[in-house]
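Worksheet: one structure, shown below.
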């Protein structure tokens, strides 16, 4: 399973004066998608942090194709792009209830040793969960 789907209901506080999802909220949606993607393979940010690893974002790209609106039920598709090394890369697609593609995005994150504050390779236990997904 390289792709995970998450349903998101747009809340009033996530919109701007026009009733559209405020552009900055897409970064939070993508974070929700990454967290649930990891949880779906029985991993988590918490487990990484508990083992001394953090995952700061290196790159965030968002392409706004059509607006999402207040009370829309969105489907966020999160896809792992390739087997991670020092970086882990995700692609995102957001669809509305009519299955119209509204937004695409990409994030790359780096595995960092919390104590040394230095990049490290993806931990073996995570690679063991991810690698079979590409076979």
Flagged pairs (Cβ under 9 angstrom, 6 or more apart or on separate chains; first in segment 56-70, on the phi < 0 side of the Ramachandran plot and touching a residue at least 12 places away in the same chain (Cβ under 8 Å); second part of a strand (DSSP E or B) and loosely packed, with under 15 Cβ neighbours inside 10 Å) are 65/101; 66/101
Flagged in segment 9-55 as more than 26 Å from residue 97 (Cβ to Cβ) and touching a residue at least 60 places away in the same chain (Cβ under 8 Å), in numbering order, are 41, 42, 43, 48, 49, 51, 52, 53, 54
ask   = Got at least one residue in segment 46-63 being in contact with a helix residue (DSSP H, G or I) (Cβ under 9 Å, 6 or more places away or on another chain), surrounded by 13 or more Cβ atoms within 10 Å (Cβ to Cβ), in a loop (DSSP other than H, G, I, E, B) and modelled with pLDDT of 95 or more?
value = yes
Within segment 71-122, the count of residues that are without any contact (Cβ under 8 Å) to a residue 24 or more places away in the chain, more than 17 Å from residue 30 (Cβ to Cβ) and in a strand (DSSP E or B) comes to 1
Worksheet entry | Test result for residue 31, modelled with pLDDT of 95 or more, within 15 Å of residue 2 (Cβ to Cβ) and under 18 Å from the mean Cα position of the chain (by Cα) | no
Scanning segment 64-89 residue by residue, those within 19 Å of residue 41 (Cα to Cα) and surrounded by 19 or more Cβ atoms within 10 Å (Cβ to Cβ) turn out to be 76, 78, 80, 84, 88
Task: Any chance residue 25 is surrounded by fewer than 17 Cβ atoms within 10 Å (Cβ to Cβ) and either modelled with pLDDT of 95 or more or touching a helix residue (DSSP H, G or I) at 6+ places or on another chain (Cβ under 8 Å) (or both) - done: no
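Looking at 13, 24, which one is farther than 11 Å from residue 92 by Cα and more than 15 Å from the chain's Cα centre (by Cα)?
On the way: 24 fails: more than 15 Å from the chain's Cα centre (by Cα).
Testing whether each residue is farther than 11 Å from residue 92 by Cα and more than 15 Å from the chain's Cα centre (by Cα) leaves just 13.
The values are calculated or read from the model by the stated rules, or taken from the named source; none is laboratory data. Note that the structure is predicted; figures quoted are calculated from it, not measured. Neighbour counts run over all protein chains shown; Cβ positions are idealised from the backbone, glycine included.
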